[in-house]
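Presented below is the structure to which this report refers.
The values are calculated or read from the model by the stated rules, or taken from the named source; none is laboratory data. Note that this is a predicted model, so its numbers are computed, not measured. Positions of Cβ are backbone-derived with ideal geometry, glycine not excepted, and every protein chain shown enters the neighbour counts.
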Amino acid sequence: MAYVKIEIKNLSKHYEDTSKGKRKRDVVEKKVIDDLNLKIYANEFICVLGHSGCGKSTLLNLIAGYIKPDEGEILVNEGKTKITGPSRERGVVFQEHALFPWYTVEQNIGFGPKVARKNKDEIKEIVDKYISMIGLEEFRKSYPDQLSGGMKQRVGIARAFANEADILLMDEPFSALDEFTRANMQKELLGIWKNNKSTVVFITHSIEEAVILADRVIVMGEGHVLTDTGIDVNREERTVENPKFLEYVNFFKEFIQDDNK
Ligand SMILES: Nc1ncnc2c1ncn2[C@@H]1O[C@H](COP(=O)(O)OP(=O)(O)OP(=O)(O)O)[C@@H](O)[C@H]1O
Ligand SMILES: [Mg+2]
């Protein structure tokens, strides 16, 4: 049997919605995650799609341990540990990357390995590897303020990769990148995933990106799983010229459109 890396059991989360009225007693409970169940196996690459506001980021924040569920639980490593807060074993990449403004590019990327008490040579090796991956060698001594938005985003991604975490949680990490850089980062991410044998949960708005990257695509709608579909095409053959690739893209497109009706 495959090793269950993350098990999400009967998970629910609500927020209080005050937008419907002005008085405190007008607060309505809004269920954002609604009795969600999902098993993610070790070394799997999962992509999560779904219309805006369906609860994707909330789900990721729950797995990251940044917020707590109202009901249910999330277990890691074959049910051995229950998630109760953030952990270095779970690296998180957000859409917006909050870099340390007082650190240079290399210090930002080296931060995680330093906290993990790696020695100087190990840190340098890791920093060099990921700086070269994002193509910012010339900027290693620059501060975030001196970089463009896209460059900052690449540093944020490199910083998360540098932790070489067991589980990588990514919330639309490539959405602000230009097409060329994005395609490059997708390739790099697949390389890192294979190399580090990590388990990835990757949220995206791009159906094509999901079908390019994932072993399995989860489409969410209003806090639960609408479809959970494995991509049965070799990664080398996932191009727009391949009718099977397009079939998957259209399948998910219809799902999301129907959900929006
Ligand atoms: N801290 C919060 N307080 C109140 N409501 C919240 C909070 N965070 C999220 N929500 C609400 O929960 C719902 C789900 O939000 P979430 O950010 O998980 O959606 P999403 O699927 O990631 O959307 P997007 O694709 O736009 O990023 C939304 O309706 C949002 O308004
Ligand atoms: Mg989101």
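Within region 58-78, the set of residues being in a helix (DSSP H, G or I) and in contact (Cβ under 8 Å) with a residue 40 or more places away in the chain comprises 58, 59, 60, 62, 63, 64. Taken together, 142, 175 contain a single residue that is under 21 Å from residue 50 (Cα atoms), in a loop (DSSP other than H, G, I, E, B) and not charged (D, E, K, R), which is 175. What are the residues in region 85-118 that are more than 16 Å from ligand 1 (Cβ to nearest atom) and of a type in the set (D, E, K, R), if any? 88, 89, 90, 106, 114, 117, 118 - these are the residues of region 85-118 that are more than 16 Å from ligand 1 (Cβ to nearest atom) and of a type in the set (D, E, K, R).
When each of 134, 126 is tested for being among the β-branched types (Val, Ile, Thr), within 19 Å of residue 174 (Cα to Cα) and either touching a residue at least 24 places away in the same chain (Cβ under 8 Å) or assigned by TED's automatic domain parsing to the domain that holds residue 155 (or both), the lone residue that passes is 134. With respect to (1) within 30 Å of residue 259 (Cα to Cα); (2) surrounded by fewer than 20 Cβ atoms within 10 Å (Cβ to Cβ), the lone exception for residue 194 is condition (1).
Among the residues of region 193-215, those that are among the hydrophobic types (A, V, I, L, M, F, W, C) and in contact (Cβ under 8 Å) with a residue 40 or more places away in the chain comprise 193, 200, 201, 202, 203, 207, 210, 211, 213, 214.
Suppose we keep only residues that are of a type in the set (D, E, K, R) and in contact with a Leu (Cβ under 8 Å, 6 or more places away or on another chain) within region 74-103. Which one would you say is surrounded by the fewest Cβ atoms within 10 Å (Cβ to Cβ)?
82
Filtering 188, 236, 209 for residues that are within 16 Å of ligand 2 (Cβ to nearest atom) and either among the small types (Gly, Ala, Ser) or in a helix (DSSP H, G or I) (or both) leaves a single hit, 209. Would you confirm, using the coordinates I've provided, whether residue 52 is outside any loop (DSSP other than H, G, I, E, B) and under 20 Å from residue 203 (Cβ atoms)? Taking the combined requirement at face value, the residue does not satisfy it. Kindly establish whether residue 111 is assigned to a helix (DSSP H, G or I), surrounded by fewer than 20 Cβ atoms within 10 Å (Cβ to Cβ) and either touching a residue at least 24 places away in the same chain (Cβ under 8 Å) or of a type in the set (Lys, Arg) (or both). Yes: the conditions hold for residue 111.
Any residue at all in region 45-64 that's more than 16 Å from ligand 2 (Cβ to nearest atom), modelled with pLDDT of 95 or more and within 15 Å of residue 8 (Cβ to Cβ)? Scanning region 45-64, I find no residue that is more than 16 Å from ligand 2 (Cβ to nearest atom), modelled with pLDDT of 95 or more and within 15 Å of residue 8 (Cβ to Cβ), so the answer is no.
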